[in-house]
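Report on the structure given below.
The values are calculated or read from the model by the stated rules, or taken from the named source; none is laboratory data. Keep in mind that what you see is a predicted model, and the values were worked out from it rather than measured. When we count neighbours, we look across all protein chains shown, and the Cβ atoms used for this are built from the backbone with ideal geometry, even at glycine.
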Amino acid sequence: MSVAGLILAAGESRRMGSPKALLRYGEETFLDTLTALFATRCSPVIVVLGAHAAEIRAGALRPATFVVNPDYARGMTTSMQCGLRSIPPDADGVLFTLVDHPAASPATLDALLAGIGGAGTLAGRVETPASGGRPGYSTAMENDGSPSHASGTPLPDGVPSGPGPVRSFLRDRDSEKCGLAPADPDRAPLLRVPRYRGKRGHPIWFASQLIPEFLALPADGAAREVVRRHVARTEFLDLDDPGIVADIDSPEDYRALTGAGK
C-alpha cells in the first residue's frame, strides 16, 4: 500500500529560542533525521513550514516536498491541513509526526506500517516481549474506565494462542462489555498509535479516508477529535521505544535528549 509521510515543522519554537527543526540530533538535524527515516518508507515526504520557513528550508539537507503554511500562527491544525492538501490522491495512508519528536526508532515506524490493510480489531494492542519471541495481544481501550490489561500481564484464561485468535477473542469480548457491537473482522484499522509505558506519542499512521475529517476541523480544533471519533478502529501499539514520547519543547528537554551536562 502507498504511504505518504507528513512532518510538521511550522511552529515558532518560542520556548526553545531557535527553530527546533535545525537542532542537532546525532549527526543530523531534527528535520533531516525524520526525513531520512520517513523517506525509506513513505513517498512523498511532505514537510510543512511556517515560522522561520526560509531558514529551515536553507538548512535542510535531505530532499522532501516542502510546503509553507501562511496561517501557521493560527495553530497546528492549520499546518496539518496544509500538508494534507498535498497528499497524493492515490495514497492509502499517512505517516504523521511533529519535528520536535525526532527520536522514534526505525523499528517503531516499521511496526506502525506492518501489515497495513489486514483485518481490523476493536482496539488491538501489540506487546513486544522484552525477551524476544512473538508479540502478544491484549485490549487497549480509551482511558475512560473500559477494560485494559497492563503490559506484560498474562492473557485471560480461555484466550487462544496466536495473534489472530487473540485479537478476535478480545475484540468481541470487550465490545460486549463496552456496549458496542463487535467490530467487523474484515475492516482494516483506520489509525495506529504507538505507546511507551502507556503514554501515547508519535509518529502515528492513519488511513487516507480520514483526511476529509481532518480537513473539516476548525482552525482551533484538534486532531485528537478525529482520533477519538474512531477509537473502535484504532490499534494502539505498546513498544519498547522511549523516543515515541520524547517531545522536545524546551532547552531542558533538549539537554535531556542529548545527554548534555551529564
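Scan region 151-161 and tell me whether some residue there is of a type in the set (S, T, N, Q), farther than 26 Å from Ala39 by Cα, at pLDDT below 95 and surrounded by 13 or more Cβ atoms within 10 Å (Cβ to Cβ).
So the first thing to find is which residues in region 151-161 are of a type in the set (S, T, N, Q), and the list is 151, 153, 161.
From what is left, the residues that are farther than 26 Å from Ala39 by Cα are 151, 153, 161.
Subsequent filtering for residues that are at pLDDT below 95 retains 151, 153, 161.
Then drop every residue that is not surrounded by 13 or more Cβ atoms within 10 Å (Cβ to Cβ), which leaves 151.
Yes: one or more hits.
Among the residues of region 196-216, write down those that are at positive phi and surrounded by 13 or more Cβ atoms within 10 Å (Cβ to Cβ). It would help to see each step written out before you state the result.
First pass over region 196-216, keeping only residues at positive phi: 197-198.
Result: Gly198, single match.
Restricting attention to region 18-41, the residues that are assigned to a loop (DSSP other than H, G, I, E, B) and among the charged types (D, E, K, R) total 2. Is there a residue being under 21 Å from Ala104 (Cβ atoms) and modelled with pLDDT under 95 anywhere in region 200-221? Taking every residue of region 200-221 in turn, none turns out to be under 21 Å from Ala104 (Cβ atoms) and modelled with pLDDT under 95.
With (1) in contact (Cβ under 8 Å) with a residue 40 or more places away in the chain; (2) under 18 Å from Met76 (Cα atoms); (3) surrounded by 14 or more Cβ atoms within 10 Å (Cβ to Cβ) as the list, and Ala219 as the residue in question, which single condition is left unmet? Looking at each condition in turn, Ala219 falls short on (3).
Do the conditions hold for Ala53, that is, is it touching a Pro at 6+ places or on another chain (Cβ under 9 Å) and either more than 17 Å from Ala104 (Cα to Cα) or without any contact (Cβ under 8 Å) to a residue 12 or more places away in the chain (or both)? Here the answer is no, as Ala53 does not meet what is asked. Cβ-Cβ distances below 9 Å connect no pair with a first residue in region 186-207 that is without any contact (Cβ under 8 Å) to a residue 24 or more places away in the chain and under 21 Å from Cys42 (Cα atoms), a second residue that is not polar (S, T, N, Q) and not in a loop (DSSP other than H, G, I, E, B), and a separation of six or more residues or different chains.
Within region 42-63, restricting attention to residues that are in a loop (DSSP other than H, G, I, E, B) and not basic (Lys, Arg), the residue that is nearest to Leu113 (Cα to Cα) is Cys42.
Here's the yes/no breakdown for (1) outside any helix (DSSP H, G or I); (2) touching a strand residue (DSSP E or B) at 6+ places or on another chain (Cβ under 9 Å):
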| position | (1), (2) |
| --- | --- |
| Pro189 | yes, yes |
| Arg195 | yes, yes |
| Pro218 | yes, no |
| Gly221 | yes, no |
| Val227 | no, yes |
| Phe236 | yes, yes |
| Ile244 | no, yes |
| Asp247 | yes, yes |
